[in-house]
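Q: Once you've had a glance at the structure underneath, I'll fire off some questions.
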Amino acid sequence: MKDKQLTYHEQIVPFSRAELVEKLREALSDSRFSHVLRVEQTAIELAGLNHVDPERASIAGLVHDYAKQRPDEDFIAAIKQYHLDPILLDYGNAIWHGVVGWLFVKNELGINDIEVLNAVRYHTVGHQYMTPLEQIVYMADYIEPARDFPGIDEARRVTKANLQEGVAFQTKQTLSYLVQHNKPVFPQTILTYNSWVPQFDLK
Ligand SMILES: [Fe+2]
Ligand SMILES: [Fe+2]
């Protein structure tokens, strides 16, 4: 699949795509920068399959991991400054870079589009209610071409056939993984599970 480099028209972000890509290159390691480019392309592809705005898919795909390499102190300061749920302090970067990181996307990249911000906010833990764009970023992060884990082919097949079933598939796998490895489960992940998984007849 040839990469799609969109020209932005919708004033969702105060930069051209090329300028936004440079912001990401500066904020991220080389390997994570490559990852967000792949997530962008996968999100555009899923947007095409689901009648979703490709410009929002491109922007949300690019910025979803913007905060991934920020030091813990930045997140702890934001949790306190914005009076976020103090339970967040029991978790770490894996949860913070989305659930808190959207604030850095808003403040530092000048993005105010609520769907793009929520796509960042929910991309790891999901949410009971996710718009198609938010579902797309959640899934593009999971199935981008470099992902390789047992069940990835099934994850890609299900997601392209039915985006919502893809969300259920990932949510079930994530919770199973956390439980099997005795890892803590962020409460939002359980809410996401209850909302998405029982309604599908997953194997
Ligand atoms: Fe992430
Ligand atoms: Fe990611």
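Derivation of every value follows stated rules applied to the coordinates shown; laboratory data play no part. Because the structure is a prediction, the values reported are computed rather than measured. Here Cβ is always computed from backbone atoms with ideal geometry, including for glycine, and neighbour counts include all displayed protein chains.
Q: Quick one: Cα convex hull volume of the range 5-90, Å³ per residue?
A: About 134 Å³ per residue, rounded to a whole number.
Q: Based on the alpha-carbon gyration tensor of the range 81-189 and its eigenvalue square roots a ≥ b ≥ c, which shape applies: rounded if a/c is under 1.5, prolate if not and a/b is larger than b/c, or oblate?
A: Oblate, because a/c is 1.5 or more while a/b does not exceed b/c.
Q: Ok, one more. Which ³J(HN,Hα) values in Hz, rounded to whole numbers, follow from the phi angles of the range 166-177 under the Karplus curve 6.51 cos²θ - 1.76 cosθ + 1.60, where θ = phi - 60° and Gly and Pro get x?
A: x, 4, 4, 4, 4, 4, 5, 4, 5, 5, 4, 4
Q: Among 49, 182, 125, flag the residue with its Cα farthest along the positive direction of the charge dipole of the range 17-199, charges on Cβ as +1 for Lys/Arg and -1 for Asp/Glu.
A: Positive-end residue among those listed: 182.
Q: Using alpha-carbon pairs under 8 Å, 6+ residues apart, how would you state the relative contact order of the range 103-203 in percent?
A: So the answer I get is 27 percent.
Q: If you don't mind, there's one more thing I want to ask. Taking loop as defined by DSSP and a crowding limit of 11 other beta carbons within 10 Å, which chymotrypsin sites (Phe, Trp or Tyr not before Pro) in the range 81-115 fit?
A: For chymotrypsin sites (Phe, Trp or Tyr not before Pro) across the range 81-115 that sit outside H, G, I, E and B with at most 11 neighbouring Cβ atoms in 10 Å, the list reads 82.
Q: Could you derive backbone 3J(HN,Hα) for the range 10-21 from the dihedral phi with the Karplus parameters 6.51, -1.76 and 1.60 (θ = phi - 60°), listing whole Hz in sequence and x where the residue is Gly or Pro?
A: Along the range 10-21, the couplings run 9, 6, 7, 10, x, 9, 6, 4, 4, 5, 5, 4 Hz.
Q: Determine, for 84, 49, the number of other Cβ atoms within 10 Å of each Cβ, and report the residues in order from fewest to most.
A: Going from least to most buried by this count: 49, 84.
Q: What percent does the relative contact order of the chain come to when contacts are Cα pairs within less than 8 Å and at least six residues apart?
A: 20
Q: For residue 97, what is the net charge nearby, where nearby means another residue's Cβ is under 12 Å from its Cβ and Lys, Arg count +1, Asp, Glu -1?
A: That sum, taken over residues with Cβ under 12 Å, equals 0.
Q: Shape call for the range 25-138 from the C-alpha gyration tensor, a ≥ b ≥ c root eigenvalues: rounded (a/c under 1.5), prolate (a/b greater than b/c) or oblate?
A: Prolate is the answer for the range 25-138, as a/c is 1.5 or above and a/b outweighs b/c.
Q: Rounded, prolate or oblate: which fits the chain, taking a ≥ b ≥ c as square roots of the Cα gyration tensor eigenvalues, rounded meaning a/c under 1.5, else prolate when a/b beats b/c?
A: It is oblate, given that a/c is not under 1.5 and a/b is not larger than b/c.
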